[in-house]
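> Provided herewith is a single structure, encoded as structure tokens, for subsequent inquiry.
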Amino acid sequence: TASSLKTIGTANVVYFSQFNNRRICKNLFQVVLAQIFYFSAEKILGNFFGVKRARPLVLHIDDSPLLIETTKAMLVSIGCDVLSALNGEEGLALARKNKPDLILVDAMMPGIDGYTTTRALKSDAATNMIPVVMLTGNDQVKSVDLSHSAGADGYIVKPIQVDRLSAKLKPFLWKENA
């Protein structure tokens, strides 16, 4: 029986061009339905009952695709799942929809800059409890003060190094349960 394997979301689906063996097709169909049900139920019930994620979710808002990909690799290496946005508007929408455990925001972006994005996140009831860490290439006192006055909970100076990133984010993402 000729077949090809395709990935849809997180489920692998085999498409048969000839259905000579109905039992295999029936079993495959049951497996696919079970996978779809599992992932749908996990998302619906997890959101409804407030089930904790297995890995922390970090939203990275930055206008540089290269920095987003580099930082994503670092975040994944320290055990995080990552969402990305290329501007403040997209980042605000993703934050409201997905409620990440932490948000990294580039300070200098075209359009809505990082400081304005942070103020918007901290003034929104849906996102104001999410820790925000600012990213910038400027470590002058004025930039640090602007970050804190915008409501940022932390500050990381570029270039980002994985050990420094991990150390800065650890208190926000892996809190000890008392």
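The values are calculated or read from the model by the stated rules, or taken from the named source; none is laboratory data. The model shown is predicted, which means the values in this text are computed figures rather than measured ones. Backbone-built Cβ (ideal geometry, glycine too); neighbour counts: all protein chains shown. Quick note on the areas: whole protein, heavy atoms, side chains included, nothing else; ligands and nucleic acids left out. Shrake-Rupley method; radii C 1.70, N 1.55, O 1.52, S 1.80 Å.
> Once ligands and nucleic acids are excluded and a 1.4 Å probe is used, how much of MET108 is accessible, expressed in Å² to the nearest 10?
Surface open to solvent at MET108 totals about 130 Å².
> Not counting ligands, DNA or RNA, and with a 1.4 Å probe, what is VAL141's accessible surface area in Å² rounded to the nearest 10?
100
> Show the residues, 5+ positions off or on another chain, whose built amide H is closer than 5 Å to the amide H of TYR155.
Excluding prolines and chain starts, which carry no amide H, the hits are MET134.
> Determine the order of SER149, SER143 by accessible area, beginning with the largest, at a probe radius of 1.4 Å.
Correct descending sequence by accessible area is SER149, SER143.
> Mind listing the phi-derived Karplus ³J(HN,Hα) values for segment 64-71, rounded to whole Hz, using 6.51, -1.76 and 1.60 with θ = phi - 60°, and x for any glycine or proline?
Karplus values, whole Hz, x for Gly and Pro: 9, x, 5, 5, 4, 5, 5, 5.
> Tell me the label-point distance for the pair ASP163, ASP145, using the 7 Å Cα-to-Cβ offset, in nm and rounded to one decimal.
Those two pseudo-labels are separated by 3.2 nm.
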